[in-house]
Amino acid sequence: MPRILNKNKKNVKPAFEQSQDLKKIAMYVTIVNRGQGEAVVKLFQTLKTSLQFIQVGQGTATKQVYDILGMEDNAKEIIVSLVPVDRLPFVRIELEAFFAANRNNKGIGFAIPLTSIIGVSIYKFITNTI
């Protein structure tokens, strides 16, 4: 079967090449004591990240370890956020300030780079560029 070429379409690029500069994205995971998740979500929203969600969790240390450390509760909230890699330094600085602001604000945060996202519309939603 012969191939028909459309002369009106000159050098049409795929959709992923037509979009703006694609930015790398990381999944930022923050684990805090229960009740602090909403404050962390608000912090991430001020940094213009497009997606955050909170999952309830529980620590795995034994009662003896909690007694030694002087901790009473092992209930945690896990906040997962999608952040452009170029904003990660700002996220880290603001999160450190959040933890330093109050003695009860304790937690950990870390980033996991994402290497693949399927679909331009999903990418635009995640990067807040729709």
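The values are calculated or read from the model by the stated rules, or taken from the named source; none is laboratory data. The shown structure was predicted, so the numbers you read here are calculated from the model rather than taken from an experiment. Positions of Cβ are generated from backbone atoms using ideal geometry, with glycine treated the same way; all protein chains shown enter the neighbour counts. Ligands, DNA and RNA are excluded from the accessible area calculation, which covers all protein heavy atoms including side chains. Shrake-Rupley method; radii C 1.70, N 1.55, O 1.52, S 1.80 Å.
For the stretch 41-75, name all the residues that are in a helix (DSSP H, G or I), at pLDDT 90 or above and open to solvent by 70 Å² or more (accessible area, probe 1.4 Å).
The one that is in a helix (DSSP H, G or I), at pLDDT 90 or above and open to solvent by 70 Å² or more (accessible area, probe 1.4 Å): LYS42.
Among the residues of the stretch 101-129, how many are among the charged types (D, E, K, R) and open to solvent by 100 Å² or more (accessible area, probe 1.4 Å)?
2
Restricting attention to the stretch 3-35, which residues are of a type in the set (Ser, Thr, Tyr), modelled with pLDDT of 85 or more and assigned to a loop (DSSP other than H, G, I, E, B)?
none
With the condition kept exactly as written, say whether any residue in the stretch 81-93 is over 16 Å from ILE25 (Cβ atoms), under 15 Å from the mean Cα position of the chain (by Cα), assigned to a helix (DSSP H, G or I) and touching a residue at least 24 places away in the same chain (Cβ under 8 Å).
Checked the stretch 81-93: no residue is over 16 Å from ILE25 (Cβ atoms), under 15 Å from the mean Cα position of the chain (by Cα), assigned to a helix (DSSP H, G or I) and touching a residue at least 24 places away in the same chain (Cβ under 8 Å).
Assess whether GLU38 counts as being open to solvent by 80 Å² or more (accessible area, probe 1.4 Å), of a type in the set (Asp, Glu) and not in a loop (DSSP other than H, G, I, E, B).
yes
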